[in-house]
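Okay, structure first, notes after.
The values are calculated or read from the model by the stated rules, or taken from the named source; none is laboratory data. From a predicted model like this one, the values you see are computed outputs, not experimental measurements. With ideal geometry, Cβ positions are generated from the backbone for all residues, glycine too; neighbour counts draw on all protein chains shown. Please note that ligands, DNA and RNA were not included when accessible areas were found on the heavy atoms of the full protein model with its side chains. Shrake-Rupley method; radii C 1.70, N 1.55, O 1.52, S 1.80 Å.
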Amino acid sequence: MKEIFSIALGAILVNNFIFAQFLGICPFMGVSKKIDTAIGMGVAVTFVMGLASAFTWLANEYLLVPLNLAYMQTVAFILIIAALVQFVEMFLQKSLPALYTALGIYLPLITTNCAVLGVALLNVQNGYNFIESVVYGITGGLGFLLAIVLFASIRERLVFADPPKAFEGFPIALVTAGLMALAFMGFSGANVFG
Amino acid sequence: MNIGKQLKEGVISNNPVLVQLLGMCSTMAITTSIANGLGMGVSVLLILTASNVVISAIRKIVPNKIRIAMYVVVIAGFVTCVDLLLQAFLPAIAASLGVFIPLIVVNCIILGRAEAFASKEGIAASALDGVFQGLGYTLVLLAMCIIRELLGAGTLAGIQIMPASYQAIGVLTLPVGGFLVLGTLIAAMQWALSRPKKAAKEEK
């Protein structure tokens with residue numbers, strides 16, 4: 001239980017996927033102009049990261065490792081993730097149309113989100129068991145959600161700011177993200193369960 | 001086919017990182033030392049060129065509906081090759097780049113160029129596009145590495161450059177530095193591109 005909590009705390013705050021590991025920067029920058037869309041993207045990413053952790057862990061443990069195909073991890077994982085995203089999309093469309101319309105446009109984008117492939121690879125690299133992998137996936141997603149929602153709420157106000165012309169738009173957003181990363185560094189002491 | 005124009009687009013006016021704003025995860029994550037930046041840049045250059053060639057070669061036989069999946073498989077294949085080669089011949093670089101080598105699969109530069117260029121143009125032009133876009137990416141990585149390593153640690157490729165009295169700005173080698181340096185570089189690029197009126201920014 002202690003390990004699980006430590007993994008969760010680490011993934012959400014200390015080793016936040018965005019601010020400490022640089023995974024998933026593209027959607028973080030791309031869909032953070034409004035809080036609503038940021039929440040949609042964050043929830044979709046959390047959902048897919050949790051599922052992807054579970055499925056890639058099972059595939060790795062029961063297919064790739066017994067067959068000595070561990071070197072095919074990258075190819076296998078990206079195919080699993082792409083297929084998973086497609087199935088999630090079809091499933092939601094059939095059974096939860098309300099959620100589907102809310103997440104709709106973000107789901108296909110998630111296939112190329114490096115946080116999803118990243119979490120699958122990190123699970124293997126860190127030697128997590130099934131439960132730990134799923135927890136790491138979900139809490140990593142929650143960390144992403146936290147980061148993107150905070151960032152979107154700053155960016156909504158940033159529209160009214162008046163930066164130097166060269167910094168307008170993207171660069172000032174990056175600098176803002178940098179300052180947020182600085183704030184998140186404060187958590188690096190919070191290694192409660194070592 | 002216009003080699004000079006493609007070179008200029010890849011390195012300056014349509015630079016993959018500074019103008020198209022693609023592939024930022026790896027750009028910020030691994031640019032803490034020159035060896036890392038060079039290893040990553042050359043890996044991406046090779047994979048981008050190889051995948052551009054293959055995707056251009058198969059562009060007429062791939063059904064439109066499953067083209068993205070096909071591209072991803074082609075790219076993942078080449079990434080696995082480079083990953084294994086690095087582990088075999090440059091284990092130190094492979095270890096320090098870690099998870100970011102397999103993550104080249106989802107680097108938007110490669111899929112972006114496949115979709116925007118290689119799926120429409122001939123094989124030779126696509127190969128050149130891969131080389132020049134890869135070069136543009138590598139140059140940005142090196143610029144970031146030099147700034148972050150020189151100012152953040154006072155060294156270049158591990159050799160002490162700054163005088164001993166230089167107070168290193170340690171924060172630049174941390175994740176924060178990645179955001180700040182990249183933001184400043186993009187701002188510099190926007191400033192440079194907006195100066196002469198003729199260099200109209202291409203719509204992406």
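Checked against the criterion of being within 13 Å of chain A (Cβ to nearest Cβ), in a helix (DSSP H, G or I) and open to solvent by less than 10 Å² (accessible area, probe 1.4 Å), region B:120-140 contains not a single residue that satisfies it. Among the residues of region A:126-135, those identified as part of a helix (DSSP H, G or I) and either open to solvent by 50 Å² or more (accessible area, probe 1.4 Å) or at positive phi (or both) are A:130, A:131.
Entry remark, region B:83-101: residues being at the interface with chain A (Cβ under 10 Å from one of its Cβ atoms), open to solvent by 10 Å² or more (accessible area, probe 1.4 Å) and touching a Ser or Thr at 6+ places or on another chain (Cβ under 8 Å) number 2 in total. Looking only at residues of region A:97-120 that are part of a helix (DSSP H, G or I) and over 13 Å from the mean Cα position of the chain (by Cα), we find that the one that is nearest to residue A:79 (Cα to Cα) is A:108. Does residue B:178 qualify as being within 22 Å of residue A:172 (Cα to Cα), open to solvent by less than 30 Å² (accessible area, probe 1.4 Å) and within 12 Å of chain A (Cβ to nearest Cβ)? Judged against the criteria, residue B:178 is a match. Within region A:122-144, the presence of at least one residue that is facing chain B (nearest Cβ under 10 Å), over 10 Å from the mean Cα position of the chain (by Cα), closer than 29 Å to residue A:174 by Cβ and of a type in the set (A, V, I, L, M) is confirmed.
Among the residues making up region B:1-29, those that are open to solvent by 20 Å² or more (accessible area, probe 1.4 Å) and polar (S, T, N, Q) are B:2, B:6, B:13, B:20.
Here residue A:134 clears all of (1) closer than 30 Å to residue A:178 by Cβ; (2) touching a helix residue (DSSP H, G or I) at 6+ places or on another chain (Cβ under 8 Å) except the condition numbered (1).
The criterion of at least 1 residues that are at pLDDT 85 or above, touching a Gly at 6+ places or on another chain (Cβ under 8 Å) and surrounded by 16 or more Cβ atoms within 10 Å (Cβ to Cβ) is met, among helices (runs of 4 or more DSSP H) falling completely within region A:1-82, by A:35-59. Of all residues in region A:158-168, those satisfying the criterion of being at the interface with another protein chain (Cβ under 8 Å from one of its Cβ atoms) and not basic (Lys, Arg) are A:164, A:166, A:167, A:168.
Would you check if residue A:138 is open to solvent by 50 Å² or more (accessible area, probe 1.4 Å), without any contact (Cβ under 8 Å) to a residue 60 or more places away in the chain and under 30 Å from residue A:51 (Cβ atoms)?
No, not satisfied.
Residues in region B:30-70 that are open to solvent by less than 10 Å² (accessible area, probe 1.4 Å) and farther than 30 Å from residue B:161 by Cα: B:47, B:48, B:51, B:52, B:55, B:56.
Summed over region A:147-184, the residues that are in contact (Cβ under 8 Å) with a residue 24 or more places away in the chain, surrounded by fewer than 17 Cβ atoms within 10 Å (Cβ to Cβ) and either not in a helix (DSSP H, G or I) or not β-branched (Val, Ile, Thr) (or both) give a count of 2. Would you call residue B:73 open to solvent by less than 40 Å² (accessible area, probe 1.4 Å) and of a type outside the set (D, E, K, R)? Taking the combined requirement at face value, the residue does not satisfy it. You will find that of A:44, A:20, the residue that is in contact (Cβ under 8 Å) with a residue 12 or more places away in the chain and touching a Pro at 6+ places or on another chain (Cβ under 6 Å) is A:20 and no other.
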